[in-house]
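Below is one structure, written out as structure tokens; the observations come after it.
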Amino acid sequence: MNIAVLGTGDVGRLLGSGLVRIGHRVTIAGRTAESGRDWPDGPSSDFESAAGGAELVVLAVSGSAALSVAGRVSDHLDGKVVWDLTNPLEFPPDAPMRLSIANDWSLAEEIQASVPGARVVKALNTVNSHVMTHPEEIPGDHAAFYCGNDETARSVVAGMLAELGWRQILDLGDLTAARGMESYLHLWLRIWNTLGHARFNVSVVSAKTR
Ligand SMILES: NC(=O)c1ccc[n+]([C@@H]2O[C@H](COP(=O)([O-])OP(=O)(O)OC[C@H]3O[C@@H](n4cnc5c(N)ncnc54)[C@H](OP(=O)(O)O)[C@@H]3O)[C@@H](O)[C@H]2O)c1
């Protein structure tokens, strides 16, 4: 599949390389083609050109820029799966991290509302960029959550998660589940502080009820 990864930070680069590893053709993109030029696994482009040539678009830009980037490429998203990894994090001076959107709305829903023709799936925003493509670095099964309003789009992303090596892949249903997936960042940051590193994840452990 031709994939545009919008974002040249750690997530864009590492997930982009992971998607190449499992057989996809990936173009990495930033505001200009320059910012992804040194990415070793494929071409770099600007947001609009990359999205225009892609069958699936990964949104991996800073949370504060997610809506404006989605708006810039909206003409190219009709019918396409948009895999959203963004988190609406804000770091106010002298105050704890906060979410710019929370409780009864989420950044994923805001993105979906801004590009209604796209099929937005939220997945892997709950783990560090290294863990995204190397889940085997953490012992045992641990959770890759995903959600979205379109069942086919959800299954496309779930298939990619399995190919990337994920085993505990949990479909949380429609995109309102993104509220919990984004709010989890409060807990994620505190666990990071406690452990002193980012290569961890949570596992869902369930009683056998049937
Ligand atoms: N880092 C992680 O481990 C991790 C894990 C899970 C989820 N996330 C989420 O994934 C997203 C990407 O994180 P990241 O750490 O890889 O990178 P990042 O530093 O949050 O974002 C880098 C990308 O955002 C673009 N960008 C920044 N400001 C912009 C603006 N004003 N207008 C348009 N584009 C702008 C940059 O464009 P240029 O290329 O043009 O500079 C670059 O492509 C974030 O939403 C983050 O919360 C991160």
- List the residues whose amide H sits under 5 Å from the amide H of VAL202, counting only those 5 or more places along or on another chain, with H placed 1.01 Å from N in the peptide plane. ALA143
- Sorted by packing (mean other beta-carbon atoms within 10 Å per residue), highest first, where do 4-10, 115-121 land? 4-10, 115-121
- Applying the gyration tensor rule to the Cα atoms of the stretch 90-197 (axes a ≥ b ≥ c; rounded if a/c under 1.5, else prolate if a/b exceeds b/c, else oblate), the class is oblate
- Message: Could you give each residue of the stretch 203-210 its phi-based ³J(HN,Hα) in whole Hz, using Karplus coefficients 6.51, -1.76, 1.60 with θ = phi - 60°, and x for Gly or Pro?
- Response: 10, 9, 10, 10, 5, 7, 9, 9
- Tabulate in residue order the Karplus-calculated ³J(HN,Hα) for the stretch 139-145, using 6.51 cos²θ - 1.76 cosθ + 1.60 with θ = phi - 60°, rounded to whole Hz; enter x for Gly and Pro. x, x, 7, 8, 8, 10, 8
- Item | Dipole in debye (nearest 20) - the stretch 21-108, about Cα centre, beta carbon charges: Lys, Arg +1; Asp, Glu -1 | 160
- On a 0 to 90° scale, report how tilted helix 10-21 is relative to the longest principal axis of the chain, with both axes built from alpha carbons and the result rounded to the nearest 10. 80
- Taking the alpha-carbon centre of each part, the distance from the stretch 117-162 to the stretch 19-34 in Å is 18
- Item | Mean ellipticity per residue at 222 nm, deg cm²/dmol - from DSSP H runs of n ≥ 4 across the chain, formula -39500 (n - 2.57) | -9500 deg cm²/dmol
- Message: Give me the extension gain from ARG31 to GLU55: residue separation times 0.36 nm, minus the current Cα-Cα distance, reported in nm with one decimal.
- Response: 6.7 nm
- Query: By its C-alpha gyration tensor, with a ≥ b ≥ c as the square roots of the eigenvalues, how is the stretch 17-88 shaped: rounded for a/c under 1.5, else prolate for a/b larger than b/c, else oblate?
  - Reply: rounded
- Looks like the chain, by Cα gyration tensor root eigenvalues a ≥ b ≥ c and the a/c under 1.5 rounded cutoff (else prolate when a/b is bigger than b/c, oblate otherwise), is rounded
- Out of residues 5 or more away from ASP84 or on other chains, whose amide H comes under 5 Å of its own, with H placed 1.01 Å from N in the peptide plane? LEU59, VAL121, LYS122, ALA123
- Query: What's the extension gain from SER74 to SER206 if we count 0.36 nm per residue and subtract their Cα-Cα distance?
  - Reply: 43.5 nm
- Item | Degrees between helix 178-195 axis and first principal axis of the chain (Cα, 0 to 90, nearest 10) | 70
- Looking at the chain, what % of its DSSP beta bridges pair antiparallel, to the nearest 5? 15
- Task: Round to the nearest 10 and give me the degree value, 0 to 90, for the angle of helix 151-163's Cα axis relative to the longest principal axis of the chain.
- Result: 80
- Query: To the nearest 20 debye, what charge dipole does the chain have about its Cα centre, counting +1 at the Cβ of each Lys and Arg and -1 at the Cβ of each Asp and Glu?
  - Reply: 460
- Neighbour-count ranking [beta-carbon atoms within 10 angstrom, fewest first] of MET1, MET132: MET1, MET132
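Bear in mind these aren't lab numbers, they're just calculated from the coordinates by the rules spelled out. Computed from a predicted model, the values in this text were never measured in an experiment. Methodologically, a virtual Cβ is constructed for each residue, glycine included, from the backbone with ideal geometry; neighbour enumeration extends over all protein chains shown.
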